[in-house]
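Below is one structure, written out as structure tokens, with a few remarks after it.
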Amino acid sequence: MKHATLTLAALILGLGSIGQAKAGYVTLNDPSATVGTVAFGIDGGNIVGYYNDGSGEHGFLYNGTSYTTLNDPSATGGTGAFGIDGSNIVGYYSDGSGGHGFLYNGTSYTTLNDPSATGGTAAFGIDGGNIVGYYSDGSGEHGFLYQPDVSATPEPSSIVLFGMGTAFMAASRRWRRRKQSVGYASA
């Protein structure tokens, strides 16, 4: 019971949210790495970064017990994961044309290229739908904040209002039909 109480106290104090219930450093080594592992982002118990296996860099997601490799399918020169928010991960991959940012939503990758970039884009952080990173052009490197276009997605209240209007129109039509059929039957 004493150990359970100490473990609970350590978790409440945030001393062991990843792996163990004690203060200090925990070494993270992706088992596929032969050259090194670098961690960049954390959200809850999930950590993202990249590892090098001698053939190049590969992104990873570590959930506290196991590693999942993240390789953007467009990458030919490596992938690195830098930020995580829930199931959304952002990072960088390179191919024959240069460097590109990416957003991975747990099932598919979306390339992020700042329209002002001439030398590459990398995404480093994500919070909700907002993504930050940098791009480079002929004058140097510049930070960016990407906010997705939410105007194309109706707000939940708009969807409810539309649904209520549609239901009212359908009920009104049924009521008129019933009224008309009763009127014809009595005539």
Filtered residues of region 78-109 (kept if polar (S, T, N, Q) and within 18 Å of TYR135 (Cα to Cα)): THR79, SER94, SER97
Some residue of region 114-124 being crowded, with 22+ Cβ neighbours inside 10 Å and under 16 Å from the mean Cα position of the chain (by Cα): yes
Subset of region 93-108 [in contact with a Phe, Trp or Tyr (Cβ under 7 Å, 6 or more places away or on another chain) and farther than 22 Å from GLY44 by Cβ]: TYR93, GLY99, HIS100, GLY101
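Every number in this text was worked out from the coordinates using simple rules, so none of it is lab data. Everything numeric here is computed off the predicted structure, so don't read it as measured data. Glycine gets a Cβ as well: all are built from the backbone with ideal geometry, and neighbour counts include every protein chain shown.
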